Each structure stands twice: as C-alpha cells, then as structure tokens.
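Asks: I have a structure here, written as structure tokens, and I will follow up with some questions on it.
The values are calculated or read from the model by the stated rules, or taken from the named source; none is laboratory data. Treat the numbers as computed from the prediction; the structure is a model and nothing was measured. Ideal geometry is used to build each Cβ from the backbone, glycine not excepted, and the neighbour counts take in all protein chains shown.
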Amino acid sequence: MLYTKKEAEQWLGMTVFEMWVHIISILLFTVLVALKVENIWPVSWWTVFIPLFTGVGMIAYFSVIVFIRLFLEHDFKTAGFRVLWSALLLTLIFLFEYLLCQKLAADSIPQGHYSQVMSPLFVLPIVLGIRACVSSN
Amino acid sequence: MPLSYRIVCSCLLALFFFIMMAVKLDRKPDWNWFLVCLPLWIFNLFFSVLLIIRLVSHLRNGRERDTNAMSLFSKGLFIFVLLMKWIFEIMLCIKLQYVDGGGKKLSMFFVFIPLWILLLIAVVRLFPWTPEVMSLIKRNVRTSEVSSASRSTQSMKRGPTTSGLSNTVGAHPRSVGSRSSNSS
C-alpha cells in the first residue's frame, strides 16, 4: 500500500492478480498462526503453511499460462524474461517458506542456524533493488 | 522522490532488518526486539513524513502538482495503513520482548488485528475486478432505471394488447396497474 498499483507492478514485475493472491495467502496464514499459537486449533506447522504453499503454486500455474500464451503470440523475448523473473521470485519465496516450516516443525536444522533459513530473504531485496536500478535507466 | 530511490531505500532497510533478525536469533539472544526492528521504525518514519508532507501540500494548494499523483482519499488511506503497520509492529515487539517471558498474557489475536485490517484493505484495493465490477454495477443501475421507466411508459401507451407479453417478462408493477385499469 506504500506504492501505487502501477509502481508496485513495475517494481515487483508481477501483475495485480499475483499480488492479490500473495496477500490472500498471507492473510489466511496469519489467521492459522494465531489459531495455532493460541492453541485453539492445534495443528502441525505444515498445515499452517498450506495457504502460503498454495499461493505460490497458484502463481506458478498462472505464470506458466501467461508464458504459453506469450509464446504462442511469438513474443519470445517478453515471455522468456517474464518466466525467468517469476521463477526466480517464486523459488526464493518458496525456499524461505519451506525452510522456515521445516525449522518450526521438526527443528531439524541445528540450533544457531536461522541465517540458513533466512538466506533466500537476503537475496530477495538485492534482486529487487537491482531490478529497480536497471528498469529506471 | 523518484521511484527508484524509494525502492532502493526500502530494499536496503529490508535487508538490514533481515540481517539484524538473523543475528538476534543466532548469536545475540539478549538483543532487544525494539532494537532489531530499528530498520522498520526508520522505514515507517520515512514514509509517514513523506506522506504527511504530500498531504499538507495537497490540502494547501488544493491539488497535486504531479498529475499522476495519488488522490486525497488514497493519501488518507495510506496514512491509516501506516498507522496500522506501526501499531502491529509495536504490539508484536511488546509481545516478543515483555509479555512472553514475564508471565503476562497478550493474545495473538489482538496483535494480529491491525495486520488483518491492513491486509483486508489491500485485498479490497487490489481486487482484480474491482474497477470493472464498480462500473458494471453503476451501468446496471442506470440501465435498469432507464428500462423500467421506458417499459412503464410503453405499457401505458400500448394498453391491453401487450399485457400477455409484459406478464411473461415480468413487467414493472406500474404497468400491471395500468393494464388492469385499462381492461376494467
């Protein structure tokens, strides 16, 4: 909400629909987190993370459809750039969600390695900043 | 302020915040959560000042110099969103720093309420079909008003000959009244 829709689209390289799906999934996720933490619905962390995984899956499916349609319209350059950018963003987001869920669910990563879990988040702002600098030139 | 500057500022602050959080969770558990969230406070302060300056200049001049700028309503909404963000972050820090360890109880629902308000506003604003739905509703209301008015005048003119047809398509009550008055 701190940027206009057009600015956010330009910066993040995703459509309004994709942002909307992300926000819906975050909203559902926070509701489930509150229910789990307050012990109202004691489910596993994998269940709590389902909205986030579903959101990423839906956006991946949407991106593939857009890629196929652009490819059929012989707009190869746009299709290639778009699918590569979406794949990069979704991979980073999914990786972070998966590692965090694994950490919370089983605590399989040894203590003192939250930096491993957060490593995709270190890359994400750098990639977005580079994109902003490139697109402004 | 140009978009690229704003984006680079946001990215740097986000990166700084993630690093601080990783350090807090891995190496320095005694760090205060309010200190860890310092980049978020800077971010909020920066955007609040920016928005308030723009809002004040908009109110003073009556309009924005830039034609692509946000409307007055959007600016007011953005300030409200920032306020919700402030409240959520402060409440989360209070919960993490003072409540959990001290035996006091603060429900996660209270902490999350500002975030849910913020996200619901974003959901409504970003709903992909909101502009189309709004224009469709306006158009439907307008056409239904026009068609009901024209149908009633037509049925009044035609009289009992079109009564069967108007009955099947669900005519306006006024036309039914006119039909009965004609037939009698």
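Asks: For the range A:84-97, check the following and say yes or no: at least one residue is among the acidic types (D, E), within 12 Å of chain B (Cβ to nearest Cβ) and either touching a residue at least 40 places away in the same chain (Cβ under 8 Å) or under 26 Å from B:L119 (Cβ atoms) (or both).
Replies: no
Asks: Next up: Please tell me if A:L124 is within 14 Å of chain B (Cβ to nearest Cβ) and crowded, with 16+ Cβ neighbours inside 10 Å.
Replies: Considered against the rule, which asks whether it is within 14 Å of chain B (Cβ to nearest Cβ) and crowded, with 16+ Cβ neighbours inside 10 Å, A:L124 comes out as yes.
Asks: Please enumerate the residues belonging to the range A:4-13 that are touching a helix residue (DSSP H, G or I) at 6+ places or on another chain (Cβ under 7 Å) and not in a helix (DSSP H, G or I).
Replies: Listed by number, the list holds a single entry, A:G13.
Asks: Any residue in the range B:58-86 that's more than 9 Å from chain A (Cβ to nearest Cβ): show its pairings with residues that are modelled with pLDDT under 70 at Cβ separation under 7 Å, as long as the two are six or more apart or on different chains.
Replies: What qualifies is B:H58/B:E64.
Asks: Could you tell me how many of the residues in the range A:15-57 are within 11 Å of chain B (Cβ to nearest Cβ) and not in a helix (DSSP H, G or I)?
Replies: Count: 4.
Asks: For the range B:89-118, which positions are crowded, with 19+ Cβ neighbours inside 10 Å and under 21 Å from the mean Cα position of the chain (by Cα)?
Replies: B:E89, B:V111, B:F112, B:P114, B:L115, B:L118
Asks: Looking only at the range B:5-51, which residues are closer than 20 Å to A:I130 by Cβ and in contact with a Phe, Trp or Tyr (Cβ under 9 Å, 6 or more places away or on another chain)?
Replies: B:R6, B:I7, B:C9, B:S10, B:L13, B:A14, B:L15, B:F17, B:F18, B:I19, B:P39, B:F43
Asks: Are any residues in the range A:113-125 under 15 Å from the mean Cα position of the chain (by Cα) and assigned to a helix (DSSP H, G or I), and if so, which ones?
Replies: Residues satisfying the conditions are A:V117, A:S119, A:P120, A:L121, A:F122, A:V123, A:L124, A:P125.
Asks: Could you say whether any residue in the range A:98-111 is among the β-branched types (V, I, T), modelled with pLDDT under 90 and farther than 23 Å from A:M19 by Cα?
Replies: Within the range A:98-111 (the criterion being among the β-branched types (V, I, T), modelled with pLDDT under 90 and farther than 23 Å from A:M19 by Cα), the answer is yes, since at least one residue qualifies.
Asks: Restricting the search to the range B:15-49, which residues are of a type in the set (V, I, T) and crowded, with 18+ Cβ neighbours inside 10 Å?
Replies: B:V36
Asks: Then there is this: Hey, any hits in the range A:51-63 for a residue that's free of Cβ contacts under 8 Å to residues at least 40 places away in the same chain, within 28 Å of B:L106 (Cα to Cα) and surrounded by 15 or more Cβ atoms within 10 Å (Cβ to Cβ)?
Replies: yes
Asks: While we're on this one: In this structure, is A:L84 modelled with pLDDT of 90 or more, crowded, with 17+ Cβ neighbours inside 10 Å and among the hydrophobic types (A, V, I, L, M, F, W, C)?
Replies: no
Asks: So which of A:F29, A:F62 is of a type outside the set (A, V, I, L, M) and at pLDDT 95 or above?
Replies: A:F29
Okay, residues lined up against (1) closer than 22 Å to A:Q116 by Cβ; (2) at pLDDT below 90; (3) under 22 Å from the mean Cα position of the chain (by Cα):
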{"residue": "B:L13", "(1), (2), (3)": "no, no, no"}
{"residue": "B:F17", "(1), (2), (3)": "yes, no, no"}
{"residue": "B:P39", "(1), (2), (3)": "yes, no, no"}
{"residue": "B:L55", "(1), (2), (3)": "no, yes, yes"}
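Asks: Still on this structure: Looking for something on the phi < 0 side of the Ramachandran plot and in a loop (DSSP other than H, G, I, E, B) - is there at least one such residue anywhere in the range B:35-55?
Replies: Yes, some residue in the range B:35-55 is on the phi < 0 side of the Ramachandran plot and in a loop (DSSP other than H, G, I, E, B).
Asks: While we're looking at this one, here's another question. Taking the range B:18-48 as the region of interest, how many residues are hydrophobic (A, V, I, L, M, F, W, C), under 21 Å from A:L100 (Cα atoms) and facing another protein chain (nearest Cβ under 9 Å)?
Replies: Qualifying residue count for the region: 6.
Asks: Now for a different question. Exactly one of (1) under 18 Å from the mean Cα position of the chain (by Cα); (2) more than 14 Å from chain B (Cβ to nearest Cβ); (3) under 26 Å from B:S4 (Cβ atoms); (4) not aliphatic (A, V, I, L, M) is unmet by A:C101. Its number?
Replies: Evaluating A:C101 over (1) under 18 Å from the mean Cα position of the chain (by Cα); (2) more than 14 Å from chain B (Cβ to nearest Cβ); (3) under 26 Å from B:S4 (Cβ atoms); (4) not aliphatic (A, V, I, L, M) leaves (3) as the failure.
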